[in-house]
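**Q** Encoded as structure tokens, here's the structure I'll be asking about.
The values are calculated or read from the model by the stated rules, or taken from the named source; none is laboratory data. The shown structure was predicted, so the numbers you read here are calculated from the model rather than taken from an experiment. Cβ placement follows ideal geometry from the backbone for every residue including glycine, while neighbour counts extend to all protein chains displayed. Accessible surface is based on the protein model in full, side chains and every heavy atom, while ligands, DNA and RNA are left aside. Shrake-Rupley method; radii C 1.70, N 1.55, O 1.52, S 1.80 Å.
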Amino acid sequence: MKIIYKEEDKVFINDVSYLYKEDYKYLDYAYMIKELKVIGEYELGTHKGKHLPTEEELNDITTIPDIKVTKEISDVCNVDLYFTDGLLPIYDKTIDAFEYLKYLCNKGLKRRLKDNIEEVYLQRLEKELSIIKQMNFCNYFLIVYDYVKYAKLNNILVGPGRGSAAGSLVSYTLGIIDIDPIKYDLLFERFLNPERITMPDIDIDFDSERRQDVINYVIEKYGEKRVAGIITFDTLSAKQVVRDVARILEISPSDTDYITKLISPKETLRENLKNNIKLNRLIDENYKYKQLFDISLHLEGNPRNIGIHASGIVMSSLDIDKTIPLYKNNRGLYITAYSMNYLEPLGLLKMDFLGISNLTLINEVLTNIREKEKLNITFSNIPLDDKKTLDIFKKVKTDGIFQFESSGMRRFLEKLQVSSFDDIIAALALYRPGAMDFIDNYIRRKNGHEQIEYLDKSLEPILKPTYGIIIYQEQIMQIARTLAGYTLGEADILRRAISKKKESVLLEEKPKFIEKSINNGYSKETAEQIYNLILKFANYGFNKSHSVGYATVAY
């Protein structure tokens, strides 16, 4: 703490945090805070609050050396901020990205379907490629294809797919995912939507012990300053800030432990002080503790230290430090100095490389099977109707099985009595808050103990696989398309608005939905009933693409 200048009841000081309470009149308290803040003139005992100094106030004190130098530096500083275009990474500058992507997809489709290609696949592939080209994401898919291919060629197990990317036939033909989106009625628009422009987001699961090998490959191929991890900022929680400040104030560890045991980690410090009589009494009786909490209240929630995002990697066509600052960690790897929330608005692309310990285990099992049984087992060629495997879920022998080992899930499985792979997919979507309310209906209908009814017969093809209950987000999109003639892009915007409770969009959409449904031959009453049904279930609807991916890993 440094007092720059003082004169009777006026003070020039490099910290104003001691003025956080209006009634503090003691200059000595200024010595208790060491965090640098702003410089200004304050009249102790009469000043109410704190402020950044005005230009006039600063001009009055520029005779003080520290202030004079600061002003000279500020006068010569100038920076132009601008948005950099064209940051999306490029797979290979020497090729036409779209033509090469199309070539790989057609080749992959023949391999996947063994030359027995139905028209629905050709139409879907053409549509997806058109959207990808329109949105300028050809290089993105080629880059993901390349590092997934590297992993598979180097015996690094890659997950079958997760999230909305499993709804992409392009990803399936490229070998990025091992789930046929047409077989499971998964929608591309849930992943990429030209009517709602956002960056694509393909999360790839890798064997946790080999994940870094894939990242190293990407760094080596594209450049160490064009591939970077993402910084995270760990903030001072209620307990942590009290411990840190107590150490500075030289409060004994035993006293600190006693104080922090009184603090609820589920509440902020202010909430703790408001709700905890014992804590308040302790502070009131000890000036040092009062000091501790006065300071801690200012610091709670501020960044304490940095970390690295568990899975996120940023890739760019230019050196990233041309756009944002980079930080080099103690392992010599570059990470962004901006956190994740600011990267996409700046045009930088985030990719997720996830290390999954379950895949490490599965890889060991598959390796043993290949060596001892001489069977080439992969995610894409395991038969999904194997009775012995389904019996494991039916008999609830699911210790150690991904997503199915919790006691609550096991109780659900006992009632469900799994009889197909679709039941496993549905179980993952149903066993969540909100959706659980419909578990008993689902089981009764599955077992024929409750009648299945549809508000309109046109809903039957969409809801029959789930016994008339809306479970998946994709079903909501299909209903909007069937009833009101929405494009799947429009239907996804409606789905997002409902799940995010955007009331203005919902109020605006309802008359539009009803009018379009009436024009499509439905009665106003039916249209209103179905819109209300969508509203009811959309909050609980699960991404089926994600459910299929996780069910595949579990199975």
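**Q** With the checklist (1) at pLDDT 85 or above; (2) out of contact with any Gly (no Cβ under 9 Å at 6 or more places or on another chain); (3) closer than 18 Å to Arg190 by Cα; (4) of a type outside the set (Asp, Glu) in hand, flag the one item Pro465 doesn't pass.
**A** (3)
**Q** Evaluate the stretch 138-155: report whether one residue or more is under 21 Å from Lys93 (Cα atoms) and acidic (Asp, Glu).
**A** Checked against the condition, which is being under 21 Å from Lys93 (Cα atoms) and acidic (Asp, Glu), the stretch 138-155 yields at least one hit.
**Q** Could you check Thr360 against (1) part of a helix (DSSP H, G or I); (2) under 24 Å from Asp203 (Cα atoms); (3) open to solvent by 20 Å² or more (accessible area, probe 1.4 Å) and say which number it fails?
**A** Condition not satisfied by Thr360: (3).
**Q** Considering only the stretch 217-237, state which residues are in a loop (DSSP other than H, G, I, E, B), touching a Lys or Arg at 6+ places or on another chain (Cβ under 9 Å) and either crowded, with 17+ Cβ neighbours inside 10 Å or of a type in the set (Phe, Trp, Tyr) (or both).
**A** Result: Leu236, single match.
**Q** Within the stretch 73-95, track down each residue that is over 32 Å from the mean Cα position of the chain (by Cα), under 20 Å from Leu142 (Cα atoms) and open to solvent by 90 Å² or more (accessible area, probe 1.4 Å).
**A** Scanning the stretch 73-95 gives a single hit, Thr94.
**Q** Consider Asn368 against the criteria (1) at pLDDT 90 or above; (2) closer than 28 Å to Lys93 by Cβ: it satisfies all of them except one. Which criterion is unmet?
**A** Against the list (1) at pLDDT 90 or above; (2) closer than 28 Å to Lys93 by Cβ, Asn368 comes up short only on (2).
**Q** For the stretch 275-288, which positions are under 39 Å from the mean Cα position of the chain (by Cα) and open to solvent by less than 100 Å² (accessible area, probe 1.4 Å)?
**A** Result: Asn275, Asn276, Leu279, Asn280.
**Q** Another question about this same structure. So in the stretch 418-435, with the set limited to residues that are farther than 19 Å from Lys388 by Cα and not in a loop (DSSP other than H, G, I, E, B), which one is farthest from the chain's Cα centre (by Cα)?
**A** In this case the residue turns out to be Ala426.
**Q** Now for a separate question. Can you list residue pairs whose Cβ atoms sit under 7 Å apart, with the first residue in the stretch 372-387 being closer than 13 Å to Val553 by Cα and the second being surrounded by 14 or more Cβ atoms within 10 Å (Cβ to Cβ) and polar (S, T, N, Q)? Count only pairs 6 or more apart in sequence or on different chains.
**A** What qualifies is Phe379/Thr552.
**Q** Continuing with the same structure: Considering the stretch 402-417 alone, what residues qualify as being assigned to a helix (DSSP H, G or I) and either in contact with a helix residue (DSSP H, G or I) (Cβ under 8 Å, 6 or more places away or on another chain) or open to solvent by 50 Å² or more (accessible area, probe 1.4 Å) (or both)?
**A** Ser407, Met409, Arg410, Arg411, Phe412, Leu413, Glu414, Lys415, Leu416
**Q** Give the residue, chosen from Val242, Val218, Val227, that is modelled with pLDDT of 90 or more and farther than 30 Å from Arg162 by Cβ.
**A** It is Val242.
**Q** Within the stretch 238-274, work out how many residues are over 20 Å from His298 (Cβ atoms) and either assigned to a helix (DSSP H, G or I) or open to solvent by 90 Å² or more (accessible area, probe 1.4 Å) (or both).
**A** Here the count works out to 7.
**Q** Follow-up. Output the residue which, of all residues in the stretch 126-166 that are surrounded by 21 or more Cβ atoms within 10 Å (Cβ to Cβ) and of a type in the set (D, E, K, R), is nearest to the chain's Cα centre (by Cα).
**A** So, considering only residues that are surrounded by 21 or more Cβ atoms within 10 Å (Cβ to Cβ) and of a type in the set (D, E, K, R), the one nearest to the chain's Cα centre (by Cα) is Arg162.
**Q** Of the conditions (1) part of a helix (DSSP H, G or I); (2) more than 16 Å from Val241 (Cα to Cα), Tyr289 fails just one. Which one is it?
**A** (2)
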